[in-house]
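Please read the structure below before turning to the comments.
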Amino acid sequence: PDPLIMLDGSKVTSKEQWFKQRRPELQQLFQHYMYGYLPKAAPISWTRDGVKDDLFDGKATKKEVTIHFGPKGTPPIELLVVVPNKAKGPVPVFAALNFCGNHTALADASVALTKSWYRGSCPGCEDNKATDTGRGGQVDVWNIELIIDRGYGIAMFYYGDVDPDKRDNDFTDGVHPHFFKQGQTKPGKHDWGAISAWSYGVHRVVDYLVQDEDIDKDRIALVGHSRLGKTTLLAAALDDRIALAIPHQAGCGGTAPSRGKVGESVERINTSFPHWFNDTFPEFNKQTDRLPFDQNCLVALCAPRPVLFSNAQEDQWANPNGQFDVLKAASPVYEFLGVEGLGAKEVPPLEKLLNSRLGYYIRPGRHSMTTGDWKIFLDFADRHLKGS
């Protein structure tokens, strides 16, 4: 679907109409039919602890921030923030959600173990609880020292703090039950699923980051892998404070077209992970062409901000070629707003970053996040956040 065609069939003819009419319309449509409605922003309060200023032989400072939000009893977000020490002022930052807890991203005994329900596949998991044996188990996934060396900070949290992502998720834990109306025991047909909940958590983290004196509030990038890549794109589409988005290998329900014929389908993802979306999305399992949007429209909601789709050649389940088509179909909105869109008509060669405002990258290998990927993320951010 053309993002510049209103739901009533009329054409968007001005930038003002895009921002005041069509963009809000698309934001509502995605929440109504697919992800579920996010609650209104809740005021946050926060405390800092665990400050350590000699990380990486004195190159960085680590601080741990507990963010409270929502109705009384809502579980807090435990945010790990690491910033370079030699910066001359506030630094650009990568905000991120992680799969296995902050303690796995740093081999440092001072980082608090997550107290939330813990994924069984994560390092050091015992009976769905985090243990000390998992510390530093994903250092090579997050590459924090590399990020610091390149002049960026990072602010990450464990996605299970917001929603535990259990296969049999009945929304009885995490944040959902704290937002139910009186007498409600499960989300309604258009209420938020897990991806919307994680996005809501991202927005509350951004609420904190814009107050942190070490962070440049105008240069907040957001990165996420797989289902957290889906979260990244949705969170950026609904929050203009996110200056750049990198949904990495996000696939169906994120960066791949819902109408695609390669890899994971809407029907399959709704069958395997029904809690990620609202209860309306499965109505389109066998008729995705009935959706009043596709994922190109979600990218268009980020315009004119930079977005990078990054992929792996063997990860055909995520439909890398279809993702390039999504970018091509979002590019007209960027151009309509007077900025660069997708800078090529064909998929770039392997390991060649297409560093246009709508960027694309594909490498050999499988579904994963690597040191090489982070070098590409940083190159993309260097151009679009630092202008270098």
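Can you pull out the GluC sites (Glu not before Pro) in segment 276-355 whose DSSP state is coil and whose Cβ has at most 16 other Cβ atoms within 10 Å?
Details: sites: GLU283, GLU314, GLU335, GLU340, GLU346, GLU351; in loops: GLU314, GLU340, GLU346, GLU351.
Listed in order of number, the matching sites are GLU314, GLU340, GLU346, GLU351.
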### Over 31 Å (Cα to Cα) - which of LYS286/LYS375; LYS20/LYS286; LYS230/LYS345; LYS86/LYS129; LYS63/LYS129; LYS20/LYS166 fall in this group
LYS286/LYS375; LYS20/LYS286; LYS86/LYS129; LYS20/LYS166
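For segment 221-263, what is Rg from Cα atoms divided by 2.2 N^0.38 Å, rounded to two decimals?
Numbers: Rg = 10.4 Å, N = 43, 2.2 N^0.38 = 9.2 Å.
Output field value: 1.14.
In segment 273-388, carbon and sulfur make up what percent of the accessible area (probe 1.4 Å)? Walk me through the numbers on the way to the answer.
On the way: 2220 of 4530 Å².
Accessible surface attributable to carbon and sulfur in segment 273-388 totals 49 percent.
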#### Entry: Cα pair distances exceeding 12 angstrom across segment 278-330, given as percent
71 percent
### Where Rh is the Kirkwood radius over Cα pairs, Rg/Rh for segment 160-209
0.98
### Task
Between THR172 and SER272, with labels modelled 7 Å along Cα→Cβ, what's the label distance in nm to one decimal, could you check?
2.6 nm
#### Entry: Gain in span if fully extended, GLN316 to GLU335, counting 0.36 nm per residue against the direct Cα distance
3.9 nm
### Query
Over the Cα atoms of segment 99-224, what Rg and Dmax result, in angstrom?
16.3, 52
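Taking 22 Å as R0, compute the FRET efficiency from the Cβ-Cβ separation of ASP132 and GLN211 and round it to 0.05.
Details: r = 32 Å, r/R0 = 1.45.
Calculated value: 0.10.
Just flag the trypsin sites (Lys or Arg not before Pro) in segment 19-99 sitting in loop per DSSP whose Cβ has no more than 10 other Cβ atoms within 10 Å.
Details: sites: LYS20, ARG22, LYS40, ARG48, LYS52, LYS59, LYS62, LYS63, LYS72, LYS86, LYS88; in loops: LYS40, LYS59, LYS72, LYS86, LYS88.
In loop regions of segment 19-99 (DSSP not H, G, I, E or B), the sparsely surrounded trypsin sites (Lys or Arg not before Pro) are LYS40, LYS72, LYS86, LYS88.
Given the -39500 (n - 2.57) contribution per DSSP H run of 4+ residues, what per-residue ellipticity at 222 nm results for the chain, rounded to the nearest 500 deg cm²/dmol? Intermediate results must be reported in sequence, preceding the final value.
Numbers: 11 runs with 98 residues, N = 388.
Helix contribution divided over all residues of the chain: -7000 deg cm²/dmol.
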### Task
Return the whole-Å distance between the Cα centroid of segment 1-38 and the Cα centroid of segment 157-178.
29 Å
### Query
Just from the alpha-carbon atoms, what are the Rg and Dmax of segment 260-388 in angstroms?
15.7, 46
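Once the convex hull of the C-alpha atoms of segment 145-280 is built, how many Å³ does it hold per residue, rounded to a whole number?
Per residue, the Cα convex hull of segment 145-280 comes to 130 Å³.
The values are calculated or read from the model by the stated rules, or taken from the named source; none is laboratory data. Note that the structure is a prediction, hence the values are computed from the model and not measured. A quick note on method: Cβ atoms are made from the backbone with ideal geometry, for glycine too, and the neighbour counts reach across all protein chains shown. SASA here: full protein model, heavy atoms, side chains in, ligands and nucleic acids out. Shrake-Rupley method; radii C 1.70, N 1.55, O 1.52, S 1.80 Å.
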